[in-house]
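Here is the structure we will look at.
The values are calculated or read from the model by the stated rules, or taken from the named source; none is laboratory data. Remember, it's a predicted structure, so these values are computed and weren't measured experimentally. Note: ideal-geometry Cβ built from the backbone for every residue, glycine included; neighbour counts use all protein chains shown.
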Amino acid sequence: MTSVTLFPPKTSQTSADWLAYFEHNRQNLLTLPWNTPYFLTPEEKAAIAHSIQNFQLGEQSEGTNLMKATRRYVERSGDVEFLQAMKLFIGEEQRHARDLGNFMQCEGIPLRQKHWSDRLFRRFRRGVNLEIALRVLLTAEIIATIYYKALQEATHSSLLQKLCQQILQDEHQHLRFQIDRLERLQQQRKPWLKQASNFGNYLFLMLTILVVWLDHYRVFHRSGYCLMDIYRHCHHTSRYLWENT
């Protein structure tokens, strides 16, 4: 199994910092080789088609519930720049969905309109406050960092590999964006309440790993990742983020 490189510790960033980051990032994306002559082999397509359909569907959320929670938070805090940063964050997730969808179209893989796992995650985020919405997102993003690494290694498509590289770069910063805001939301909370909230988040992450493994095991298996590899990656990533951000 290829190790997943974690990012170096960074200090807390303001909403203005994050807004500047997202604006800079959308102007400095990797060049994707859309004209590559390589097409997936039947074996590669069989291994990833179902999986990439589901992840593409999850990436294309309009972020309606998240934006509602963000606006309620901004009304109380007055942090308008955070609202703008959140819009750009959602825009990056939608770019992932567009790029994955274009790749799927090139390979003749049909787009999926609905899936039970996508509906479940959307339901978790509906009508909740910003903290809970971010915790659900954090779970999805941590798992995405190991999933896209596995997808990157599952085929010989230079286009898919470069696309996964771009998504992974984005996701690593998305994790920091979410953790940074969660830390701010918990600043006034008693230490034991903060630890309890983070532990609940960790349990949700561990349960979600099993669901993702059952639905995407062919991609993980093709890239040499077992269930324990995914658990270890998510466990260490989760701890690293909370301790070093």
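Details
- Test for Ala16: is it in a helix (DSSP H, G or I), among the small types (Gly, Ala, Ser) and without any contact (Cβ under 8 Å) to a residue 40 or more places away in the chain: no
- Cross-chain or 6+ apart pairs with Cβ under 6 Å, region 222-245 first and among the aromatic types (Phe, Trp, Tyr), then not in a helix (DSSP H, G or I): Tyr225/Met1; Tyr240/Leu6
- Residue list for region 102-115, filter: farther than 17 Å from Leu30 by Cα and surrounded by 13 or more Cβ atoms within 10 Å (Cβ to Cβ): Met104, Cys106, Glu107, Ile109, Leu111, Arg112, His115
- For region 29-49, the set of residues classified as surrounded by 13 or more Cβ atoms within 10 Å (Cβ to Cβ) and either assigned to a helix (DSSP H, G or I) or under 21 Å from the mean Cα position of the chain (by Cα) (or both) consists of Leu29, Leu32, Glu44, Lys45, Ala47, Ile48, Ala49, listed by residue number.
- Test result for Ala47, of a type outside the set (D, E, K, R) and closer than 30 Å to Asp17 by Cα: no
- Residues located in region 70-87, provided they are assigned to a helix (DSSP H, G or I), surrounded by fewer than 16 Cβ atoms within 10 Å (Cβ to Cβ) and not charged (D, E, K, R): Ser77, Val80
- Residue within region 59-67 that is aliphatic (A, V, I, L, M), surrounded by 17 or more Cβ atoms within 10 Å (Cβ to Cβ), modelled with pLDDT under 95 and in a helix (DSSP H, G or I) present: yes
- For Leu185: the one exception among (1) in contact with an Asp or Glu (Cβ under 8 Å, 6 or more places away or on another chain); (2) at pLDDT 95 or above; (3) under 29 Å from Met67 (Cβ atoms): (2)
- Condition met for Thr11 (modelled with pLDDT under 95, more than 23 Å from Leu182 (Cβ to Cβ) and not in a helix (DSSP H, G or I)): no
- Subset tally (residues that are in contact with a Phe, Trp or Tyr (Cβ under 9 Å, 6 or more places away or on another chain) and on the phi < 0 side of the Ramachandran plot) for region 36-65: 7
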